[in-house]
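Here the structure is laid out as structure tokens; the discussion comes afterwards.
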Amino acid sequence: MAAPEIKYTEEHEWVQRVSEDTVRIGITDYAQQQLGDVVFVQLPEVGQQVAAGDSMGEVESTKSVSDIYAPVTGEITAGNSALEDQPELVNSDAAGEGWMVEIRLADPEQLSGLLDGEGYQKLIDQA
């Protein structure tokens, strides 16, 4: 079975379906490179409702503090607690162990509005 397709946002988050109604979210490798060394990650509480486009947390690096935006509307079902003690996982494995939250989708169709890999590559090529 092929790995689930990853979608992207213009705010440099990646979104990967982990079940029929749940997605895992993190920031892209491009985003972590722009941030520099990540020293702190603030994630939303499990059970919190988020709306697409809302700020749902922060990533603090040696260069700046950046918001993490919800790419979809739904309920936070999990947060990556490993980031509390090891925020550097965002730098070393942004699309793997450095994931941030899982969200139960209010509407699974909302993924269709996100960028595919090719669309995201075009976006960062223009940056």
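Values for this structure:
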read-out	value
Tally of residues being outside any strand (DSSP E or B) and open to solvent by less than 40 Å² (accessible area, probe 1.4 Å) across the stretch 10-30	1
Unmet requirement for Glu88, which otherwise passes all of (1) over 14 Å from the mean Cα position of the chain (by Cα); (2) under 15 Å from Glu11 (Cβ atoms)	(2)
Residue within the stretch 2-9 that is closer than 18 Å to Leu89 by Cβ and either surrounded by 20 or more Cβ atoms within 10 Å (Cβ to Cβ) or touching a residue at least 12 places away in the same chain (Cβ under 8 Å) (or both) present	yes
Residue list for the stretch 84-114, filter: farther than 18 Å from Gln33 by Cβ and of a type in the set (A, V, I, L, M, F, W, C)	Val101, Ile103, Leu105, Ala106, Leu111, Leu114
Residue ID - least open to solvent (accessible area, probe 1.4 Å), chosen from residues in the stretch 68-127 that are without any contact (Cβ under 8 Å) to a residue 12 or more places away in the chain, closer than 13 Å to Lys7 by Cβ and of a type in the set (Gly, Ala, Ser)	Gly113
Counted residues, the stretch 54-75 - those being within 25 Å of Ser19 (Cα to Cα) and within 12 Å of the chain's Cα centre (by Cα)	8
Among residues of the stretch 31-67, those that are surrounded by fewer than 16 Cβ atoms within 10 Å (Cβ to Cβ), part of a loop (DSSP other than H, G, I, E, B) and of a type outside the set (S, T, N, Q), counted	9
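The values are calculated or read from the model by the stated rules, or taken from the named source; none is laboratory data. Just so it is clear, the model here is predicted, and its values are computed rather than measured. Note that each Cβ is placed from the backbone with ideal geometry, even for glycine, and that neighbours are counted across all protein chains shown. Accessible surface areas use protein heavy atoms only, side chains included; no ligands, DNA or RNA. Shrake-Rupley method; radii C 1.70, N 1.55, O 1.52, S 1.80 Å.
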